[in-house]
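A.B. asks: To start, I am sharing the structure in question, which I have written as structure tokens.
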Amino acid sequence: IAGFFIDGPLAGKHILVTSGPTHEPIDPVRYIANRSSGAQGTSIARALVALGAHVTFVTGPADVAPPDGVTLVQVETAQQMLQAVETALPADAAIFAAAVADWRVASASGSKIKKRKGTLPTLEFAENPDILARVAQMPSGRPRLVVGFAAETDDVVAHATAKRQRKGCDWIVANDVSPATGIMGGSENAVVLISDAGVEEWPRMSKADVAMRLADKIATALTV
Ligand code: CTP
Ligand code: CA
């Protein structure tokens with residue numbers, strides 16, 4: 001039994017997983033964020049651990065509990081997530097399931113912004129670093145396999161294919177998160193996997209099953 005956790009096709013491999021949303025402060029009591037429960041990223045980390053990988057799990061403030069058996073790094077903002085990812089490298093593979101806020105408030109207030117009659121606050125934004133693109137385009141020490149996600153509400157395959165090109169990652173796991181699909185915050189997912197081999201459409205299944213199927217594919221990619 002003692003050997004259980006180091007057995008499996010991913011034994012000896014280090015895999016980085018980002019998950020959950022990031023929170024970007026407006027002031028000490030307010031923030032902007034993306035909608036993300038962290039469920040899919042957590043399931044993926046769990047599936048990779050089950051295959052024997054050493055997983056560094058970098059997560060923003062998610063709704064679901066982090067998986068067991070990982071090296072857990074909890075962050076709040078995109079800038080902190082980038083820092084944690086850079087610290088965790090090198091890795092054999094990096095899976096970017098986090099819903100990173102594209103913008104942060106340029107100068108967050110150190111004290112609570114008070115409501116005042118007749119005036120409305122104006123927020124100025126700054127662009128956050130694209131963590132996936134940075135890692136995918138590393139000039140040296142790039143993980144062998146870099147996987148991004150693309151949550152879209154229309155033209156899923158076209159947007160995700162362009163995103164894969166633009167970011168320079170190996171695979172994109174794309175899904176349609178239109179409210180009608182019920183995927184956001186739900187327990188199921190319907191994804192399309194885009195790689196240089198083409199477009200693979202997976203049937204709708206539980207997030208846990210998506211995670212296991214993806215982990216199997218990652219194991220195959222890292223062991224050939
Ligand atoms: N991502 C990241 N850092 C960011 C933004 C996104 O690492 N600052 C990663 C996400 O974790 C995901 C992938 O990039 O794996 C795609 O994120 P997405 O928001 O779909 O891409 P964007 O380039 O931000 O495009 P969009 O305008 O559609 O938001
Ligand atoms: Ca984005």
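The values are calculated or read from the model by the stated rules, or taken from the named source; none is laboratory data. What you see is a predicted model, and the numbers here were worked out from it, not measured in a lab. Cβ atoms come from the backbone with ideal geometry, glycine included; neighbour counts cover every protein chain shown.
A.B. asks: So for region 65-78 (the condition being part of a loop (DSSP other than H, G, I, E, B), at pLDDT 95 or above and within 16 Å of ligand 2 (Cβ to nearest atom)), does at least one residue qualify?
C.D. replies: Yes.
A.B. asks: If you take the residues of region 100-124 that are of a type in the set (A, V, I, L, M, F, W, C) and within 24 Å of Ser19 (Cβ to Cβ), which of them is farthest from ligand 1 (Cβ to nearest atom)?
C.D. replies: Step by step, filter region 100-124, then rank; the result is Ala108.
A.B. asks: What pairs can you find where one residue is in region 31-45 and in contact (Cβ under 8 Å) with a residue 60 or more places away in the chain and under 15 Å from Ala190 (Cα atoms), the other is more than 16 Å from ligand 2 (Cβ to nearest atom) and among the hydroxyl-bearing types (Ser, Thr, Tyr), and their Cβ atoms are less than 9 Å apart, with a gap of 6+ or different chains?
C.D. replies: So the pair list comes out as Ala39/Ser187; Ser43/Ser206.
A.B. asks: Follow-up. Residue by residue through region 115-157, note down the ones that are exposed (fewer than 11 other Cβ atoms within 10 Å of the Cβ) and outside any strand (DSSP E or B).
C.D. replies: Of everything in region 115-157, those that are exposed (fewer than 11 other Cβ atoms within 10 Å of the Cβ) and outside any strand (DSSP E or B) turn out to be Lys115, Lys117, Gly118, Leu120, Thr122, Glu124, Pro139, Ser140, Gly141, Asp154.
A.B. asks: Mind checking which residues of region 15-68 are in contact with a Lys or Arg (Cβ under 6 Å, 6 or more places away or on another chain) and within 15 Å of Ala211 (Cβ to Cβ)?
C.D. replies: Once the filter is applied, which keeps residues that are in contact with a Lys or Arg (Cβ under 6 Å, 6 or more places away or on another chain) and within 15 Å of Ala211 (Cβ to Cβ), region 15-68 yields Ala39, Gln40, Ser43, Ala53, Pro67.
A.B. asks: State whether the residues of region 82-90 include one that is touching a Phe, Trp or Tyr at 6+ places or on another chain (Cβ under 9 Å), among the hydrophobic types (A, V, I, L, M, F, W, C) and not in a loop (DSSP other than H, G, I, E, B).
C.D. replies: yes
A.B. asks: Conditions first: (1) closer than 21 Å to Ala84 by Cα; (2) modelled with pLDDT of 95 or more. Ser37 passes all but one, so which condition is the exception?
C.D. replies: Of the numbered conditions (1) closer than 21 Å to Ala84 by Cα; (2) modelled with pLDDT of 95 or more, the odd one out for Ser37 is (2).
A.B. asks: Confirm whether Ser107 is of a type in the set (Gly, Ala, Ser), at pLDDT below 95 and away from ligand 2 (no atom under 16 Å from the Cβ).
C.D. replies: Yes; evaluated as a whole, the condition is true for this residue.
A.B. asks: Shifting gears a bit: Quick one: in region 118-156, of everything that is charged (D, E, K, R), at negative phi and modelled with pLDDT under 95, which residue is nearest to ligand 2 (Cβ to nearest atom)?
C.D. replies: This residue is Glu152.
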